[in-house]
Amino acid sequence: MLSDHKLAAIMFADIAGYTAMMQQNEQYAMSLLGRFKEVLEEISSKYEGRIIQYFGDGCLLAFDSSTNSVACAIALQKTFSKTPAVPIRIGLHLGDVIFKNENAYGDGVNIASRIESLGIPGAILLSRPIRDHIKNNSDFLLASLGTFDFKNVSEPMEVFAVANPGLVVPKRDEMHGKLKDLPKNQGSFKLLVSIVLIVSTAFTSWYLLTQNGSQDNLEIPVAPTAQSIAVLPFTDMSPEKDQEYLGDGLAEDIITALSGNKDLIVIGRTSSFQFKGKQVDLREVGEKLGVNTILEGSIQKSGNTVKITAQLINVKDGSHIWSEKWLRGLNDIFIIQDEISEQISQKLMMTIDNKSEKKIRQVNPEAYDAYLMGRQLLFTMLPDNVLKAKGYLLRAVKKDSTFVEAFAFLSFAYGTLGQVIYPPIEYEKRVNAIDSSFKLAKKSVSIDDNNSTAHIAMSGVYGYNYDWVAAEKELKRAVEINPGTFEKTELADFLGNLGIFDEALTLVKEAIQLDPLNTNTILSYGHILQLSGQADEAIMQVNNVLKIDSLSMGAYTLLGHCYVDKKEYRNALLAWSKQHETYGNYKLAETYRHSDFTTAMKAWMKQATTPNAPYSANDFTIAFIYSMFVDKENTFKFIDLAYKKHASNIVMLKTNSNFDFIRSDPRYTDLYHKLGFDKYDDYKGVVKPKYKK
């Protein structure tokens, strides 16, 4: 059984509408299929292409060169446009591929097939990795078609069309392929922060690549038999089907509102949204999620008027417990959300916390629309989308100066830009973004002290300034207001990074029970286990994530750190290679895959000082790398720089075992004090451990 594992340009090509052709004129369709194969075999060989497999009216090809793959695609489309014309769609992607027994497997193949599914006859579509390899080639004209969220692909991907004369560049509304819902889950921003905290250095082993299962293989904890509910995304009933984000946003906000009811178990967004757009038996949904009631509904907007229907379903027999309709102005959207949550609680014999203190909220319709778009883009974590999210959220707060959630998420957007997306070399730009994040967080809390998202934003302000006591109080206030998945996971991450492992593990397990398919929360569980010295148990959680999302960048990041703890450095490099490849940093990924540990780490540090620095590169990450080589002087040098520049992941200096070798040094004691860890120890009643000199 021969196999080869390498980076390759993959081409998918098929005949559009072939099934219909067969039904109308079988002989004609067969003649086109014959021409399709004849031309492919003739032209692909000229560009060093390798036909891997035919399947019906489609073909899979592989190339060692991105340039050859695109040139071949252009030659194919030009040939197929001549009489007798063959309506061909072509998709291209550069990725890691396993070639075994004349077949090809892996993420590179899967993604290429999904890109091809968006195409129309005469078009050549390709991914950003292909584009990055050919962008300086004047023979190719390219047009960006925007980002798309493909099924079984963790992150939205930008897709480009080859725009050379004679080729078709499809319009967005012509592209209908293997797509899924855009936002993954409410905890996506949390993952972005966690990636910073975990430390980014970063192809897992072939074993892991072959273990990519489906969510059906994951053991999901069933919620207790108490009153419980799952809120499904509201169906978009607009004729154009362009208001999906409204239905998602309404469901998310209802989940948040219901989570504040301590008598009700509310399943988190990620798990509930797994069933979006699927024809499913609600009783089956209830059984999978461990709930006894389900809320479903629909939404349609016309101008500034929204029509909403909602039904509360008894999972046991499928009967309607309650249903209602609204035809109101979009400015009343928060009032409608409150009415839905209150009526659900009444029907389930629950109480609404602070009901007497609730304020009647209205919102500017344009502000609400911009807020939902911005929040949706922010959750994707892609740099371009975060910048776009900032623009939408700025529009929201300008339209409505009392929109607390918009201010809080705008604070998150600026914080993400300042700590993750802007490269370290642009230090002033990062500082200005962080400053804006502070001001916006404070503004959000001043608008509404009873908003959990505002307090999470505010905790970041205190954490940046090393006031861990105040930061924890803000997070606990958020959990008190809304004990949901997002809030509990944020607090668990915080406590884990500061070494309060028992409390952190209790919280994160509760969060997983509320949202069992939330990969970000499972990653947090794994991260806390890893920090507490349980690397093998952490690897088990990483494998659970990869069963749901085989392209989870955070999973490969954490996996690498687990292997470092186990001193399995080759496996660590393989994991971090996959992490960088998933992010699109192919050059560094190749270095990791084929180099020894020292060479790979030096390559990372060299790239960290350039405008194309690896994501989350900062001085503390460099200090972490030096700590792996037990280089005390350089470790302290870069920790000092990280302290001065407020690197977010410096919090791990308190707990991460890699720094044990410097803890007896007086310089570490000084840093411990300057970072406020001693004050936090006093607050928690923790005795700082003694280290021998």
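Let me confirm something: among LYS6, LYS78, which residue is open to solvent by 10 Å² or more (accessible area, probe 1.4 Å), of a type in the set (Lys, Arg) and modelled with pLDDT of 90 or more? Lay out the reasoning, then the answer.
Values: LYS6 fails: modelled with pLDDT of 90 or more.
Checking each option against the conditions leaves just LYS78.
Do the conditions hold for GLY297, that is, is it open to solvent by less than 50 Å² (accessible area, probe 1.4 Å), at pLDDT 85 or above and of a type outside the set (A, V, I, L, M)?
Numbers: open to solvent by less than 50 Å² (accessible area, probe 1.4 Å): yes; at pLDDT 85 or above: yes; of a type outside the set (A, V, I, L, M): yes.
It is true that GLY297 is open to solvent by less than 50 Å² (accessible area, probe 1.4 Å), at pLDDT 85 or above and of a type outside the set (A, V, I, L, M).
What about GLU581, is it in a helix (DSSP H, G or I) and within 17 Å of the chain's Cα centre (by Cα)?
On the way: in a helix (DSSP H, G or I): yes; within 17 Å of the chain's Cα centre (by Cα): yes.
Spelling it out, GLU581 is indeed in a helix (DSSP H, G or I) and within 17 Å of the chain's Cα centre (by Cα).
Give PRO170, PRO156, PRO129 a once-over and let me know the one that is at pLDDT 80 or above and within 21 Å of VAL109 (Cα to Cα). I'd like the intermediate steps shown before the answer.
Numbers: PRO170 fails: within 21 Å of VAL109 (Cα to Cα); PRO156 fails: at pLDDT 80 or above.
The conditions single out PRO129.
Restricting the first residue to the range 436-455 and requiring it to be of a type in the set (D, E, K, R), which pairs with a second residue that is at pLDDT below 90 meet a Cβ separation below 8 Å and a spacing of at least six or different chains?
These pairs meet every condition: LYS442/VAL461.
Out of all the residues in the range 601-608, is one or more in a helix (DSSP H, G or I), of a type in the set (Phe, Trp, Tyr) and open to solvent by 30 Å² or more (accessible area, probe 1.4 Å)?
Keep residues of the range 601-608 that are in a helix (DSSP H, G or I), which gives 601-608.
Pick out the ones that are also of a type in the set (Phe, Trp, Tyr) and you get 604.
Next, from what is left, pick out any that are open to solvent by 30 Å² or more (accessible area, probe 1.4 Å): none.
No, the conditions are met nowhere in the range 601-608.
Quick one: which helices (runs of 4 or more DSSP H) sit completely within the range 36-136 and have at least 2 residues that are among the hydrophobic types (A, V, I, L, M, F, W, C) and more than 31 Å from the chain's Cα centre (by Cα)? Give the steps one after another, and end with the answer.
Working: elements: 66-80, 107-117, 128-134.
It comes to 66-80.
Suppose the filter is more than 23 Å from the chain's Cα centre (by Cα), farther than 25 Å from ALA608 by Cα and surrounded by fewer than 20 Cβ atoms within 10 Å (Cβ to Cβ); does LYS399 pass it? Please lay out each step first, then the result.
On the way: more than 23 Å from the chain's Cα centre (by Cα): yes; farther than 25 Å from ALA608 by Cα: yes; surrounded by fewer than 20 Cβ atoms within 10 Å (Cβ to Cβ): yes.
Yes, satisfied.
Within the group TYR586, TYR592, TYR525, TYR569, which residue is open to solvent by less than 10 Å² (accessible area, probe 1.4 Å) and in contact with a helix residue (DSSP H, G or I) (Cβ under 7 Å, 6 or more places away or on another chain)? Spell out the reasoning first.
Values: TYR586 fails: open to solvent by less than 10 Å² (accessible area, probe 1.4 Å); TYR525 fails: open to solvent by less than 10 Å² (accessible area, probe 1.4 Å); TYR569 fails: open to solvent by less than 10 Å² (accessible area, probe 1.4 Å).
That would be TYR592, the only listed residue that is open to solvent by less than 10 Å² (accessible area, probe 1.4 Å) and in contact with a helix residue (DSSP H, G or I) (Cβ under 7 Å, 6 or more places away or on another chain).
Looking at the range 631-651, which of its residues are buried (at least 20 other Cβ atoms within 10 Å of the Cβ) and not in a loop (DSSP other than H, G, I, E, B)?
Within the range 631-651, the first condition is being buried (at least 20 other Cβ atoms within 10 Å of the Cβ), and the residues that meet it are 635, 638-639, 642, 647-651.
Residues satisfying the conditions are THR635, PHE638, ILE639, ALA642, SER648, ASN649, ILE650, VAL651.
Scanning for something closer than 25 Å to LYS645 by Cα, among the aromatic types (Phe, Trp, Tyr) and not in a loop (DSSP other than H, G, I, E, B), does the range 586-598 turn up at least one residue?
No.
How many of the residues making up the range 17-29 are in a helix (DSSP H, G or I) and surrounded by 13 or more Cβ atoms within 10 Å (Cβ to Cβ)? Working first, answer last.
Residues of the range 17-29 that are in a helix (DSSP H, G or I), as a first pass: 18-24, 26-29.
Still in the list and also surrounded by 13 or more Cβ atoms within 10 Å (Cβ to Cβ): 18, 21-22, 29.
Counting residues in the range 17-29 that are in a helix (DSSP H, G or I) and surrounded by 13 or more Cβ atoms within 10 Å (Cβ to Cβ) gives 4.
In the range 473-506, which residues are closer than 16 Å to ALA454 by Cα and over 21 Å from the mean Cα position of the chain (by Cα)?
Quick first cut of the range 473-506, residues closer than 16 Å to ALA454 by Cα only: 473-491.
Answer for the range 473-506, where residues must be closer than 16 Å to ALA454 by Cα and over 21 Å from the mean Cα position of the chain (by Cα): LYS473, GLU474, LEU475, LYS476, ARG477, ALA478, VAL479, GLU480, ILE481, ASN482, PRO483.
Only residues in the range 663-689 that are small (Gly, Ala, Ser) count as the first member; pair them with residues that are open to solvent by 20 Å² or more (accessible area, probe 1.4 Å) and outside any helix (DSSP H, G or I), Cβ under 7 angstrom, at least 6 apart or cross-chain, and list the lot.
Short answer, once both residue conditions are applied: SER664/TYR691; SER664/LYS692; SER664/LYS693; GLY676/TYR466; GLY676/ASP467.
Go through (1) within 22 Å of VAL285 (Cα to Cα); (2) out of contact with any helix residue (DSSP H, G or I) (no Cβ under 7 Å at 6 or more places or on another chain) and name the single condition ASP332 misses.
For ASP332, the failing item is (1).
Might you let me know whether the range 446-460 holds any residue that is of a type in the set (Val, Ile, Thr), open to solvent by 30 Å² or more (accessible area, probe 1.4 Å) and in a helix (DSSP H, G or I)? Lay out the reasoning, then the answer.
At the first step, the residues of the range 446-460 found to be of a type in the set (Val, Ile, Thr) are 447, 453, 456.
Then keep just the ones that are open to solvent by 30 Å² or more (accessible area, probe 1.4 Å); that gives 447.
Right, trim to in a helix (DSSP H, G or I) and you get 447.
Looking through the range 446-460, at least one residue is of a type in the set (Val, Ile, Thr), open to solvent by 30 Å² or more (accessible area, probe 1.4 Å) and in a helix (DSSP H, G or I).
Looking at the range 22-41, I want the residues that are of a type in the set (Val, Ile, Thr) and have a partner that is assigned to a helix (DSSP H, G or I) and surrounded by 12 or more Cβ atoms within 10 Å (Cβ to Cβ) with Cβ atoms under 8 Å, at least 6 apart or on another chain. Which pairs are those?
So the pair list comes out as VAL39/LEU76; VAL39/THR79; VAL39/PHE80.
Please name all residue pairs, on different chains or six or more residues apart, with Cβ atoms under 9 Å, provided the first residue is in the range 317-336 and is closer than 15 Å to ALA257 by Cβ and the second residue is loosely packed, with under 12 Cβ neighbours inside 10 Å.
PHE334/ILE360; ILE335/ILE360
So for the range 615-630 (the condition being open to solvent by 30 Å² or more (accessible area, probe 1.4 Å), under 27 Å from PHE494 (Cα atoms), over 34 Å from the mean Cα position of the chain (by Cα) and not polar (S, T, N, Q)), does at least one residue qualify?
no
The values are calculated or read from the model by the stated rules, or taken from the named source; none is laboratory data. Note that the structure is predicted; figures quoted are calculated from it, not measured. Every residue, glycine as well, gets a Cβ built from its backbone with ideal geometry; the counts of neighbours run over all protein chains shown. Accessible surface areas use protein heavy atoms only, side chains included; no ligands, DNA or RNA. Shrake-Rupley method; radii C 1.70, N 1.55, O 1.52, S 1.80 Å.
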